[in-house]
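Comments concern the structure below.
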Amino acid sequence: MNIKSLLLGSAAALAVVSGAQAADAIVAAEPEPMEYVRVCDAFGTGYFYIPGTETCLKVGGRVRFDVQAANSYSPNSDTGWRTKSRAELYMDSASDTEYGALKTKIVARWDFDGDYNDGTHTTTKLMAANITLAGFLVGLADSQFTNFTGNAGDVANDDVVSFGQFEVNQISYIYKGDSGFSAVVSVQDDSKDGDEYMVDLVGGLGYKAGNFQFRVVGGYDESAEESAIKARVDGTFGDFSAFVMGGWNSDGDVVHTFAPAGGGSLTGIGWGDWALWAGAGYQVSDSLDLNMQIAYTDSETFAAAANVKWNPVPGLIIQPEVTYTNWDSIDEDQWNGMVRFQRSF
């Protein structure tokens, strides 16, 4: 009995010791606190905080598909259907500093042309890469000669008569006052003459009061030693909006950065001494808009466009459009019908 009791006691003691050692070996580590993505509403909708930082990030983009019967920018182009697909990605960052919001913008674009010299063609383009702080902008963006007055009408083919330069490296200062006053000064790359230190210059003033807005901007092309001025008036009256814009070229015989040839330079015909644009839009309902635009130049180029923009569901646009272009100086014209499908996010 004594031996049996001793054996049983020893076994019980070993079991207790083994259990204690096993318990000591399995020690769960304390879980690290999980940081969820937080909404950042200080800079508008769509921003969120990058985890572990006080920088806000916004990601977006759009996908577009166009089917066209011809090319609004080129005569004798009605030789078959033209298709194009486009993808764009946008990335914006913003954070608070003692000088105001520090922001960056990146826009990248990919185009696939389904009918390019009897084949297909893909292009990749950086549309914007800039930094802004306290009203200053440095980097790649649309020329302030174009950006300050805005694009022409709300139509797809709005720059058959081109209204200015787009992507360019620049250093700009943009002022937007609470009283409706705005101004811009800009120096930008003279891309046509990269061997010199001189730059192109842009300056503009604007004022908005009630339903009306007025803007004027001028640009000096250093290589061409010529300049151009644009002035624009916009008005909004309930569901109806309209604009008139005019441009003047310092030398009608010269095509330059700020008085360019028709969009894409497919015809090589510039403004001449002046150019005019006018357009109107009407919001029929929350999901249906009507838009039209006309343009005419001293060089006798006439362009007209009209469309219907339908938003069947949020984020999706279906846009049929008809355009007509007449180049009287070369006795040519071109009709074009197209449909655009666009998803923005």
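Computed with a 1.4 Å probe over protein heavy atoms only, the accessible surface of the chain comes to 57 Å² per residue.
Using a/c under 1.5 as the rounded threshold, could you call segment 60-103 rounded, prolate or oblate? The axes a ≥ b ≥ c are square roots of the C-alpha gyration tensor eigenvalues, and prolate needs a/b larger than b/c, oblate otherwise. Prolate is the answer for segment 60-103, as a/c is 1.5 or above and a/b outweighs b/c.
Here the gap between ASP331 and LYS103, fully extended at 0.36 nm per residue and compared with their Cα-Cα distance, gives a gain of 77.2 nm. For GLU226, the residues 5 or more places off, or on other chains, whose built amide H falls under 5 Å of its own are ASP221.
Principal-axis analysis of the Cα atoms of the chain puts helix 2-25 at an angle of about 20° to the longest axis. When the surface is traced with a 1.4 Å probe over the full set of protein chains, VAL39 keeps roughly 120 Å² accessible. In the distance distribution for segment 219-287, Cα-Cα pairs more than 16 Å apart total 57 percent.
Per DSSP helix of 4 or more residues, -39500 (n - 2.57); summed, then divided by the residues of the chain. What does that give at 222 nm, rounded to the nearest 500?
Working: 2 runs with 28 residues, N = 345.
Computed ellipticity for the chain at 222 nm equals -2500 deg cm²/dmol.
Residue by residue, segment 213-222 carries 3J(HN,Hα) couplings of 9, 10, 9, 9, 9, x, x, 10, 8, 5 Hz when phi is fed to the Karplus relation 6.51 cos²θ - 1.76 cosθ + 1.60 (θ = phi - 60°); x denotes Gly or Pro. Taking GluC sites (Glu not before Pro) as exposed when their DSSP state is a loop state and no more than 12 other Cβ atoms lie within 10 Å, the longest site-free interval of the chain runs over 226-345. Of the solvent-accessible surface of the chain, computed with a 1.4 Å probe and all protein chains present, 60% belongs to carbon and sulfur.
Each residue of segment 83-93 is assigned a 3J(HN,Hα), and the resulting list reads 10, 8, 10, 9, 10, 10, 10, 10, 9, 10, 10 Hz, derived from the Karplus form 6.51 cos²θ - 1.76 cosθ + 1.60 (θ = phi - 60°), x at Gly and Pro. With the charge dipole of the chain set up from +1 on Lys and Arg Cβ and -1 on Asp and Glu Cβ about the Cα centre, the Cα lying farthest toward the positive end among the listed residues VAL255, GLN165, ILE131 is that of ILE131. For segment 256-330, the gyration tensor built on C-alpha atoms gives a prolate shape. Its axis ratio a/c (a ≥ b ≥ c) is at least 1.5, and a/b is the larger of a/b and b/c.
Full extension from ILE171 to THR123: what is 0.36 nm times the residue separation minus their Cα-Cα distance, to one decimal in nm?
14.6 nm
Of the residues TYR197, GLN342, GLY150, the one whose Cα sits farthest towards the positive end of the charge dipole of the chain is GLN342 (charges of +1 on Lys and Arg Cβ, -1 on Asp and Glu Cβ, taken about the Cα centre).
Note on SER179/PHE48: beta-carbon distance plugged into 1/(1 + (r/R0)^6) with R0 of 41 Å gives a FRET efficiency of 0.80. Quick one: which of LYS208/LYS230; LYS103/LYS176; LYS58/LYS103; LYS105/LYS125; LYS105/LYS309; LYS176/LYS309 span more than 19 angstrom between C-alpha atoms? Cα-Cα > 19 Å for LYS105/LYS309; LYS176/LYS309; rest within.
Across segment 52-64, rounded Karplus estimates of 3J(HN,Hα) from the backbone phi angles (6.51 cos²θ - 1.76 cosθ + 1.60, θ = phi - 60°) give x, 9, 9, 9, 9, 10, 10, 10, x, x, 7, 10, 9 Hz, Gly and Pro being marked x. Fully extending the segment from TYR36 to ALA87 would add 15.4 nm, taking 0.36 nm per residue of separation and subtracting the current Cα-Cα distance. Charge dipole of the chain (Cα centre as origin; +1 on each Lys and Arg Cβ, -1 on each Asp and Glu Cβ, all else neutral): 1880 debye, rounded to the nearest 20. For the chain, the spread of Cα positions along the three principal axes, ordered from largest to smallest, is 125, 50, 49 Å.
The values are calculated or read from the model by the stated rules, or taken from the named source; none is laboratory data. All values derive from a computational prediction rather than experimental measurement. Neighbour counts run over all protein chains shown; Cβ positions are idealised from the backbone, glycine included. These accessible areas exclude ligands, DNA and RNA; they are computed on the full protein's heavy atoms, side chains included. Shrake-Rupley method; radii C 1.70, N 1.55, O 1.52, S 1.80 Å.
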